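Undergrad: Got a structure for you, questions after.
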Amino acid sequence: MQPISIELPHHNYSAIKKTGLVLCVVGFLFMMMGLMEVSRSNPVMFFLLSAGLIIAGALVFILPQLKESPAGIKHNRLFFLSATSRGLLGWAAAVFFTGFYVILYWFPQYLENLIRTTDWLSFIVRGKAADQWFLYGFYYTLAVIVMGIRMIVKNRHSRYQIIRTCSVMFFQLGFSFLIPGLLQLFNQPEFYFTYFWPLKYSYLFPNDVHWLMSQPGGLGTFMIFWGAIMSFVATPVLTYFFGKRWYCSWVCGCGGLAETLGDPYRQLSNKSLMSWKIERYLIYSILVFVVITTLLLWINSVTQGAMFGSWSQTFSSAYGFYIGALFSGVIGVGFYPLMGSRVWCRFGCPMAAVLGLIQKYWSRFRITSNGGQCISCGNCSTYCEMGIDVRAYAMKGQNIIRASCVGCGICSAVCPRGVLNLENGPLEGRYNLGR
């Protein structure tokens, strides 16, 4: 008997795609040079050679896919590529992302020369020189836009995915980069209209509230009103009608980065029951943490420190360090290539915890399944970035109503039999028992 040989499909890039990769690599090399003193001689040139070549290279690599193959998601060799299967390149990417966040938060002086390359843009947008957060915001937005184009090309057969990706690109560019910058240009408080408490925890802390209310012209007061309405009125109402997806997969900047830059890593999420258990304990503990911190700060503010003294500030500092910086940034993005694209959203985000509770107990959203058509291929579970074993529900014909589901719709997009559908419907009977 002759042994059966299994040959993996080769992964040969076309000449134009190789050109795109070379341009990207050269762009990153210029970005590294931008960290050095030599970039001070001509910062605009270094900006154009780094960001410009990265953009050009990415587009040269991505756009040929439009003519390479028919529309439809292709995941060939995904688990054999070093960059997307925790290989050497994957670990290198994790070290790069993690190291960048550590430097950004605690050692920004090492970014000083690179920051200066974005001064000219910062003067246009904000009317002042750049700082580390402008640099971060620019490259964050650039990543969402460029990788968003990749998502659109990859998922061009799905109108839902195209519109959803355009939405996160729009909100990131407009509401998380341009508007906060333009507010500063016109001497108004910097404010992010798409981030609400408890994700943007400081927006309901006494110091921020008092500072915004002290701003002339009434805009600061409107910002407080906007944040409170979005947190306590719009969030439950919109989640009732559309589920968690209206925010996590359409508006949020964290979700926007996960859905674009993080897409090549979505299959790395852990689907074990232990992981699900850790997820539930961790995310709700952090929600309790931020609620207690907010209450302590307000009690301390009202009593002028008579009740808790410096305790409330200790809570606030601890939350800012361990959750606001270490978890959401360093781990949340740095671990994309190792733990999947939704590490922060799944295990840490208190906003996701609130949205998840509403979605589970009081929402019209559900993913319906036609169990009779399921062939148990497992694509839905494999590419669920939130670690949900979608197949287990689909095989039983059960609706999928999980607090962690962000409604990205990829499980439906990769299903070869059209088993799964994202739907809104009445609350009654949504927890069907299937067959």
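Computed from the coordinates by the stated procedures, all read-outs in this text should not be read as laboratory data. Remember, it's a predicted structure, so these values are computed and weren't measured experimentally. Reconstructed Cβ throughout: ideal geometry from the backbone, glycine too, with neighbour counts over all protein chains shown.
Undergrad: Counting only helical runs of four or more DSSP H residues, what would the 222 nm mean residue ellipticity of the chain come to if each run contributes -39,500 (n - 2.57) and the total is spread over all its residues?
TA: -15500 deg cm²/dmol
Undergrad: With Cβ to Cβ distances under 12 Å as the rule, what net charge do the other residues near Gln215 carry (K, R +1; D, E -1)?
TA: Counting the neighbours of Gln215, the net charge comes to -2.
Undergrad: If the viscosity is 1.306 mPa s and the temperature 10 °C, what translational diffusion coefficient in µm²/s does Stokes-Einstein give for region 130-209 when Rh comes from Kirkwood over Cα pairs?
TA: So the translational diffusion coefficient is about 112 µm²/s.
Undergrad: Sticking with this structure for a sec: Could you calculate the FRET efficiency of Trp133 with Asn12 from 1/(1 + (r/R0)^6), where r is the beta carbon distance between them and R0 is 45 Å, rounded to 0.05?
TA: With a Förster radius of 45 Å, E is 0.60.
Undergrad: Could you name the lysines in cross-link range of Lys277, using Cα to Cα under 26 Å and dropping any fewer than eight places away on the same chain?
TA: Filter leaves Lys200, Lys244, Lys360, Lys396.
Undergrad: Right, something else. Given Cα positions, please report Rg to Rh for region 367-419, the hydrodynamic radius being the Kirkwood one.
TA: In region 367-419, Rg relative to Rh is 0.90.
Undergrad: Stretch Ala83-Tyr110 to full length: gain in nm at 0.36 nm per residue minus the Cα-Cα span?
TA: 7.0 nm
Undergrad: Calculate the all-directions average of the projected area of region 69-227's alpha-carbon convex hull, and give it in nm².
TA: If you wrap the Cα atoms of region 69-227 in a convex hull and average its projections, you get 12.4 nm².
Undergrad: Run the reach check for Lys128 against aspartates and glutamates, Cα to Cα strictly under 20 Å, same-chain hits fewer than 8 apart removed. What comes back?
TA: Reachable aspartates and glutamates: Glu112, Asp119, Glu190.
Undergrad: Can you check what the Kirkwood hydrodynamic radius comes to for region 309-403, Cα pairs only, in Å to one decimal?
TA: With all distinct Cα pairs of region 309-403 included, I get 15.6 Å.
Undergrad: Same structure again: Quick check on packing: order 89-98, 238-247 by the mean number of other C-beta atoms within 10 Å, highest mean leading.
TA: 238-247, 89-98
Undergrad: At 10 °C and 1.306 mPa s, what whole-number value in µm²/s does Stokes-Einstein give for the translational diffusion of the chain, with Rh from the Kirkwood sum over Cα pairs?
TA: 68
Undergrad: Further question: What longest range of the chain stays clear of loop-exposed GluC sites (Glu not before Pro) (DSSP non-H/G/I/E/B, at most 14 other C-beta within 10 angstrom)?
TA: 191-427
Undergrad: What's the ranking of 214-221, 193-200 by average number of surrounding C-beta atoms within 10 Å, highest first?
TA: Packing order, densest peptide first, comes out as 193-200, 214-221.
Undergrad: Step by step: find N for region 290-331, compute 2.2 N^0.38 Å, then divide the Cα radius of gyration by it. What's the final number?
TA: The reported ratio for this selection is 1.26.
Undergrad: Over the Cα atoms of region 10-53, each weighted equally, I'd like the Debye log10 I(q)/I(0) at q = 0.16, 0.18, 0.19, 0.25 Å⁻¹, rounded to two decimals.
TA: Debye intensities relative to I(0), on a log10 scale: -0.46, -0.53, -0.57, -0.77.
Undergrad: Let me ask another. Write out the trypsin sites (Lys or Arg not before Pro) in region 339-384 meeting two conditions: DSSP loop, and at most 11 other Cβ atoms within 10 Å of their Cβ.
TA: For trypsin sites (Lys or Arg not before Pro) across region 339-384 that sit outside H, G, I, E and B with at most 11 neighbouring Cβ atoms in 10 Å, the list is empty.
Undergrad: Which order do the peptides 167-180, 390-403 come out in when sorted by mean C-beta neighbours inside 10 angstrom, highest first?
TA: For the peptides 167-180, 390-403, the packing ranking is 390-403, 167-180.
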